[in-house]
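Please see the structure below; I have some questions.
Throughout, read-outs are computed from the coordinates displayed, never taken from laboratory work. Not measured: the values here are computed from a predicted model. We place every Cβ from the backbone using ideal geometry, glycine too, and count neighbours over all the protein chains shown.
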Amino acid sequence: MENLTTAVTSHLSGAPEGMPVTAKELLHLGTRAAVDQALSRLARRGKLIRVGRGLYVPPVQGRFGVRPPEPAKVVQALARHCGESVVPHGAAAANELGLTTQLPVREVYLTSGPSRKLKLGAQVVELRHSPAWQLALPGRASGAAIRALAWIGPEHAAAAIDTLRPKLSPSERNALIGQRRLMPTWLAQQVSKLASNA
C-alpha cells in the first residue's frame, strides 16, 4: 500500500497549483479502493487537501510553510478538468467595475456545472449553478457587466447602466448589447439603453 501512496505522490509531483485530483484519474496505479485509501492517507498526512467529496488538491509549499492553493486557481483548474464554464459572481464583478465598494465576504463563482462547496483550509469557496446568460463572455468587461447587473437587480439597474456607459469600450458595449436575446426582459431593456448611446 505504501508503494501505491509513493506512486500517487510521484504522479502528483510538479502538478500546477490548484490542479484537482480524483481517484478515477489514478486507476492506472491500482484498484479504485486502493487508490481511494492512498488519497485518504495522503490527506491525513497533509500531502493533499480534501476540498470536496472524492476531490483533492496538492497543497502549496511556500516560504512560510504549507498553504492551500489560491481559490481562483483551484476553481479555474476544476472548470478545465470538468469541462465547465466558471465565472466570478456578480458581486465581485460589480466591485471590479466600480458599481459598488462592497467587497464580497466569501468567494463565490457561477458555474454551468452543479452547485457545490470547496473547502480550502479554513476558506469555503462556493460554486453556484447558473443559467447560460449569466456565464456569457467570460474574461471580458461586457460579461462582468452582465453578472454585475444581474446581481444589482432591476431596481438599481438603470443607475448602474449610467455608471457603466463610460467604463465600457465601444467593442465591449456592442458585445453586451449583442447578448440581449439571452437575458431576462428587465435586463435586456436596461442594456438596450446602451444601444442608443453606443
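Separation between the V105 and N3 pseudo-spin-labels, each 7 Å from Cα along Cα→Cβ, expressed in nm?
The two pseudo-label positions are separated by 5.2 nm.
Kindly write out, for segment 160-167 in residue order, the coupling ³J(HN,Hα) from the Karplus curve 6.51 cos²θ - 1.76 cosθ + 1.60 (θ = phi - 60°), rounded to whole Hz, with x marking Gly and Pro.
Values per residue, Gly and Pro as x: 5, 4, 4, 6, 6, 3, x, 7 Hz.
In addition: Once the other residues with Cβ under 13 Å from the Cβ of A136 are scored (Lys, Arg +1; Asp, Glu -1), what is the net sum? Intermediate results must be reported in sequence, preceding the final value.
On the way: positive: R140, R147, R180, R181; negative: E172.
With Lys, Arg at +1 and Asp, Glu at -1, the net is +3.
Name the residues whose placed amide hydrogens come within less than 5 Å of the amide hydrogen of L120, ignoring near sequence neighbours (fewer than 5 apart) on the same chain.
V125
Moving to a separate point now. Name the residue farthest towards the positive end of the dipole of the chain from the options F64, L110, A150, assuming +1 on Cβ of Lys and Arg, -1 on Cβ of Asp and Glu, about the Cα centre.
Toward the positive end, the furthest listed residue is F64.
With N residues in the chain, what two-decimal value do you get for its Cα radius of gyration over 2.2 N^0.38 Å?
Numbers: Rg = 20.6 Å, N = 198, 2.2 N^0.38 = 16.4 Å.
Its radius of gyration relative to the 2.2 N^0.38 Å reference: 1.26.
Quick one: Karplus J couplings for segment 177-183, per residue in order, coefficients 6.51, -1.76, 1.60, θ = phi - 60°, nearest Hz, x for Gly and Pro?
4, x, 8, 4, 4, 8, 7
May I have the count of lysine pairs in the chain with C-alpha atoms under 28 Å apart, counting pairs 8 or more residues apart or located on different chains?
For the chain, the number of qualifying lysine pairs is 11.
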